[in-house]
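The structure under discussion appears below in the form of structure tokens.
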Amino acid sequence: MEDKTVLVEKAGVVNQRLTVKYGPARWSSKDPMSMLVDIILSHRTRDAQTAAAYAALKARYPTWEDVRDAPTADVEATIAGVTWPEQKAPRLQAIMRKITAEQGNLNLDFLKEWPVEQGVEYLSRFEGVGPKTRACVLLFSCRKPILPVDTHVHRVSIRLGLIGNKVSAEAAHALLQALLPDDAQTIYNFHKGLLRHGQQVCVYERPHCQQCILRDVCDYYQSKVLPKSNPTLV
Ligand code: SF4
């Protein structure tokens, strides 16, 4: 691995190019409670199915309190299109009940006022809320400078050489965050840029390297793809 100064510079170049290519990330209008529901629904689920399940919940239940108090089987049936609805329905309701018991209402807007570390600590106490979910809620809805690492951000970061190829997605949160400035918009651009790039260009199987604007800074391209296309350079 390169030293940290080089990696910080590389992360900056990657972020700048991907932000130009895909545009700056736009802030969500969802409040933190709604974002938490959305992100839990999205675990291991495609965007279209997540959006459909979220819309179905909103259509059937006017408020999150109604979801909290509904029969679990009904909530499960409403979100049947996502992966593991039988786990997500009771998990959502348990989290909602715990927040209500602790805060006196079902609202997470207070996280916007808290320091990011305090928000992380608070959300960590809920079962099924891991580093990615916490960071999504705190970045997307509270505009806190914390990086979510999903499967695309993780894969593209490894190929670029920003993190080692044995680093887990969970461990990648702190390592990648350390390469970025403490600025929510910059971090959000990085997250969205790598996510879009992972969906469209640096795909899981056979990345489209010849269409990629990051070839000159990409370890995978320089070490694996380029030598094959120029065997005399090996
Ligand atoms: S050059 Fe290839 S491996 Fe590297 S980021 Fe681009 S698509 Fe991914």
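The values are calculated or read from the model by the stated rules, or taken from the named source; none is laboratory data. Not measured: the values here are computed from a predicted model. Note: ideal-geometry Cβ built from the backbone for every residue, glycine included; neighbour counts use all protein chains shown. Heads up: the accessible areas ignore ligands, DNA and RNA and are worked out on the full protein's heavy atoms, side chains in. Shrake-Rupley method; radii C 1.70, N 1.55, O 1.52, S 1.80 Å.
Structure notes:
- Check on GLY161, of a type outside the set (Asp, Glu), within 12 Å of the ligand (Cβ to nearest atom) and surrounded by 13 or more Cβ atoms within 10 Å (Cβ to Cβ): yes
- Which numbered condition SER168 misses (of (1) out of contact with any Cys (no Cβ under 6 Å at 6 or more places or on another chain); (2) in the same structural domain as ILE213 (by TED's automatic domain parsing); (3) crowded, with 22+ Cβ neighbours inside 10 Å): (3)
- Top-ranked residue of region 184-211 - restricted to ones that are surrounded by fewer than 17 Cβ atoms within 10 Å (Cβ to Cβ) and in a loop (DSSP other than H, G, I, E, B), ranked as nearest to the ligand (Cβ to nearest atom): HIS208
- Taking the conditions (1) within 20 Å of the chain's Cα centre (by Cα); (2) free of Cβ contacts under 8 Å to residues at least 40 places away in the same chain in turn, LEU92 satisfies each one other than (2).
- Residue check, VAL167 more than 9 Å from the ligand (Cβ to nearest atom), farther than 23 Å from LYS144 by Cα, at pLDDT below 95 and not hydroxyl-bearing (Ser, Thr, Tyr): no
- Taking the criterion of being open to solvent by less than 90 Å² (accessible area, probe 1.4 Å) and not in a helix (DSSP H, G or I), the residues of region 25-47 that qualify are ALA25, TRP27, SER28, LYS30, ASP31, HIS43, THR45.
- Residue within region 48-57 that is among the polar types (S, T, N, Q), open to solvent by 40 Å² or more (accessible area, probe 1.4 Å) and in a helix (DSSP H, G or I) present: yes
- Test for ALA135: is it in contact with a His (Cβ under 9 Å, 6 or more places away or on another chain) and among the hydrophobic types (A, V, I, L, M, F, W, C): yes
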